[in-house]
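Below is one structure, written out as structure tokens; comments come after it.
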Amino acid sequence: MRKQTSAFFLLLASILLSSPSSGQLGCSTNPELALLDFWFGEWRVEDDAGELLGSNTIYRMLNGCIVQEQWQGSGGGVGISVFYVDPASGKLKQLWITGQALSPGGTKEKELVAAEHGEFVQFLGTYPNGEETILDRTTLSSLPDGEILQLIEISRDNGESWETGFRGIYKPINAGRR
């Protein structure tokens, strides 16, 4: 049996190595990652009064298997987000890391909790803040004029009430679907 298993893996390896994709399975058709397609592109992010909050660029990488976000705040803060499908659960997840990764909220992990293709996505996670655990919820919503609203809210009472941590209107510079 061991010889058959070894032979099978050698055959599989030779097929994969001889294929044009070098054995890498693309993710570009993954329906979970496709939920973020409406957000692709380059964006100017403003508050409700039109003041610049920063810029953001969202695109696919690594053979289509991740969506990467690169945030540059107008005050100098930076952050990178990676969205991926967890192979074990099949769920869309986000890992957010800033230049203050060791501070509360500087690193966050969230999971998709609600979505409607092309309309909105919502992610939820937690992060520690001293003795308390903060619930952190991000919602991206498509607006009728081709813009996107990003709302980040936190809850200190396990979701009983929410306070706005960030509210930004994304205006396309070079957005993917426009």
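Every number here is computed from the coordinates shown, using simple stated rules; none is lab data. Because the structure is a prediction, the values reported are computed rather than measured. Counting neighbours? That spans all protein chains shown, and the Cβs are built from the backbone with ideal geometry, glycine included.
Observations on the model:
- Label-point gap, in nm, between T29 and S141 - each point 7 angstrom along Cα→Cβ: 3.4 nm
- Placing a label point 7 Å from the Cα of L52 along the Cα-to-Cβ direction, the residues of the stretch 146-172 whose backbone N falls under 19 Å from that point are 148, 167-172.
- Full extension of the segment from E42 to Q68, taken as 0.36 nm per residue of separation minus the current Cα-Cα distance, would add 8.2 nm.
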